[in-house]
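Let me begin by presenting the structure, written as structure tokens, before commenting on it.
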């Protein structure tokens with residue numbers, strides 16, 4: 001503590017007594033207390049009692065300097081002590097006169113330091129809560145224990161629990177001397193959280209236009225806890241409450257009540273918890289009346305009014321007006337009309353010219369400016385990806401007219417590359433009004449894009465099943481010649497290399513390799529890809545090469561794709577040619593073909609349109625594709641071989657469509673439709689066992705025997721058995737080749753939990769229906785197996801997409817004859833990899 005002579009007027013008497021004791025015999029006599037102050041020259045300062053603090057630092061804090069002229073008695077020493085005391089690092093301080101020599105005075109500051117922190121512990125809370133609090137209070141060993149430190153610690157602990165709804169939290173901090181260290185204390189922080197206090201009701205007064213429930217829905221975080229709202233925390237936080245009040249006023253404004261205000265708010269408490277009470281003044285409802293345009297030369301007033309889309313008599317809404325003038329994510333706005341034609345310097349100022357009764361007249365004052373052209377394009381943040389990979393995707397080029405729509409499109413193209421965090425792509429146009437140009441600065445943040453798959457399991461004939469897969473999504477073949485670029489692999493040119501090996505002892509092995517160059521030649525988005533695959537499946541524990549059962553498949557595919565300009569540049573066309581050779585020996589996965597060779601030459605053409613904004617968590621856009629696979633029409637050739645499997649014949653048609661619609665905030669509705677059909681060129685020839693459809697489960701083809709080796713398409717239908725189950729959809733049951741036609745419909749609500757690029761997580765609820773048939777005459781697009789459920793997805797850059805679903809089946813599946821078990825209508829499904837169907 002700071003001693004009383006600083007605040008009781010005894011300093012002069014103390015200095016007098018000290019001087020009488022400390023002065024030498026020849027020193028001048030000091031006058032008695034109460035005499036006039038005497039001037040001294042400060043001859044020196046010493047510090048006693050300091051252990052950890054630097055004496056020179058303390059002297060510097062006092063503000064006194066050798067040679068200063070000070071009054072004794074006087075305020076000079078009192079000010080010096082106050083300055084040192086204000087630092088909060090001392091528990092006691094006093095000053096005495098060491099000696100005087102003539103008109104020089106020598107002072108000594110005697111200090112006692114505040115204790116230092118040796119350790120601290122929490123009592124009354126869990127270990128996890130203690131860890132979270134430690135990050136906030138930032139107590140460091142060796143730190144001086146001041147009153148401010150103790151007060152801040154109490155405040156932070158209380159705030160931590162208050163934010164969790166414990167409004168009655170009590171915090172007591174006890175200092176315990178640490179015998180192991182001198183002048184050190186341990187802090188014992190006792191926490192009594194008390195009971196959680198929740199909001200149980202929100203009441204409104206003064207509202208006539210809207211009911212209490214409608215107004216309460218405008219609050220995003222301040223919610224009343226009800227018995228049926230199990231996910232509503234009901235906690236009260238002042239900062240969230242202030243934000244929600246603004247949202248309530250914004251809601252009123254958007255409905256035409258531009259004068260609406262919250263007059264008062266009260267937080268009351270009763271035995272059930274908190275009651276939030278708000279009094280509102282709605283004011284009158286206003287309407288748009290006359291909207292006029294001035295300064296417009298490029299477009300006439302009729303055109304601008306049509307784009308604005310606000311009719312006379314519509315409720316007045318500042319938010320709606322701003323959206324239709326400046327940025328409308330669901331349609332065209334007036335600003336985009338100019339900005340997309342280069343008028344970057346365009347300005348528009350809506351002015352309320354008359355408010356009469358409940359009607360408002362608006363005058364749109366426009367300054368069109370001149371057209372701006374793109375000058376320089378700068379890119380920053382791509383530490384791994386080469387500049388040309390980014391630049392070739394941009395729709396804004398130097399010399400072109402500025403176009404806001406193409407700027408947004410460029411942002412979307414960068415996001416779909418998959419190399420950068422889509423939430424952190426920055427676009428900053430820098431106008432140069434002096435010369436009518438604009439520089440565009442793009443900033444990106446790299447994220448991991450390569451993937452590794454290491455998995456193992458126990459099953460099959462050999463016991464252990466292992467898979468190793470590597471996918472390099474941003475590979476650089478150009479840099480591969482330089483050994484220094486292998487860190488661990490050359491990267492940055494946007495090429496894709498995938499390797500995969502899977503084995504189950506001698507019973508099953510599969511190897512695959514693929515390479516894709518998305519910009520063949522580097523000038524246009526024409527892609528080249530090729531892949532090689534080999535797989536071997538053997539039956540039996542002791543395999544005999546001469547008499548054993550096996551199927552071997554070797555295949556190769558080469559493909560070319562290009563981006564189209566018509567109907568728009570979201571369209572792409574890809575063509576691929578593949579050859580597969582099947583060698584079977586005593587392999588009875590097909591009823592009429594167990595030994596021999598089969599050859600499959602297929603030409604595939606896919607026309608697709610993809611306008612989604614983000615492949616990881618899509619908010620808007622669509623993805624549509626039509627795929628046609630054709631083999632030569634062998635049945636039409638004269639003298640065709642009687643073995644229909646020697647040269648596989650079919651034509652296969654598949655259609656997939658997916659639409660993403662934002663509902664509220666980050667909540668997104670994804671609707672999908674899928675169709676598939678396979679046939680032959682001759683009515684006398686039935687489709688073989690190749691390239692058919694099997695439906696059910698997660699769509700991963702577990703337990704499908706050799707079906708996945710012959711190109712079978714597995715279509716998921718959550719809530720039902722996988723194709724190997726006894727209660728699988730009839731055409732997907734084990735022992736059948738699969739269906740010749742299918743259709744499926746899905747509606748899925750998605751909401752993100754985390755958009756962190758390291759681990760993007762979202763939850764979902766779904767309803768879907770589908771069916772597959774193995775006879776054309778049985779196809780009925782309305783006879784479907786239905787299900788609903790919920791799930792979650794986790795996208796990690798290094799491992800791809802993982803997830804689970806719980807599905808509830810609504811329809812009964814008729815099992816094969818002899819089945820005695822009962823259908824399970826509830827299923828958990830695990831998802832690995834992105835499933836489009």
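Every number in this text was worked out from the coordinates using simple rules, so none of it is lab data. Predicted model, so just to flag it, every value in this text is computed and none were measured. Ideal geometry is used to build each Cβ from the backbone, glycine not excepted, and the neighbour counts take in all protein chains shown.
Quick check on the exposure proxy: order 155, 131, 820, 162 from fewest to most C-beta atoms within 10 angstrom.
820, 131, 155, 162
Considering only C-alpha atoms, what is the centroid distance from the range 180-224 to the range 764-824, in Å?
43 Å
What angle do you read, to the nearest 10 degrees and between 0 and 90, between the alpha-carbon axis of helix 127-137 and the longest principal axis of the chain?
Long axis of 127-137 versus the principal axis of the chain: about 60 degrees.
Determine the gain in length on full extension of the stretch residue 563-residue 195; use 0.36 nm per residue of separation and subtract their C-alpha separation, reporting nm with one decimal.
Contour length minus Cα-Cα distance gives 126.3 nm.
What would the Debye formula give as log10 I(q)/I(0) at q = 0.23, 0.26 Å⁻¹ for the alpha-carbon point model of the range 195-237, no solvent?
-0.81, -0.96
Equivalent ellipsoid semi-axes for the range 520-832, as square roots of 5 times the alpha carbon gyration tensor eigenvalues: give them largest first, rounded to whole Å.
33, 27, 19
Quick one: which of 307-314, 628-635 comes out on top by average Cβ neighbours within 10 Å, and what's the full order, highest first?
628-635, 307-314
May I ask what percent, to the nearest 5, of DSSP beta bridges between residues of the chain are antiparallel?
Here the share of antiparallel DSSP bridges comes out near 85 percent.
I need the shape label for the range 34-155. Rule: rounded when a/c is under 1.5, else prolate if a/b > b/c, else oblate, with a, b, c from the alpha carbon gyration tensor.
prolate
Compute the acute angle (0 to 90°) between the alpha-carbon long axis of helix 147-162 and the principal axis of greatest extent of the alpha-carbon atoms of the chain; round to the nearest 10°.
Around 30 degrees separate the two axes.
Going highest first, how would you order 173-183, 411-421, 743-753, 238-248 by mean Cβ packing within 10 Å?
411-421, 743-753, 238-248, 173-183
Say a paramagnetic label sat at a point 7 Å from the Cα of residue 445, along Cα to Cβ; which residues of the range 756-774 have their backbone N under 15 Å from it?
756-761
For n ≥ 4 DSSP H runs only, could you compute -39500 (n - 2.57) per run for the chain, divide by its residues and tell me the 222 nm figure to the nearest 500?
The helix contribution divided over the chain gives -4000 deg cm²/dmol.
Report the Cα-based extents of the range 373-436 along its three principal axes, largest first, to the nearest Å.
Each principal axis gives a Cα extent; for the range 373-436 these are 36, 21, 19 Å.
Helix 404-417 sits at what angle to the longest principal axis of the chain, using alpha carbons and giving 0 to 90 degrees rounded to 10?
80 degrees
Over all directions, what mean area does the Cα convex hull of the chain project, stated in square nanometres?
Mean projected area of the Cα convex hull: 58.5 nm².
So what's the gap between the Cα centers of the range 398-453 and the range 110-128, to the nearest angstrom?
Going from one Cα centre to the other spans 50 Å.
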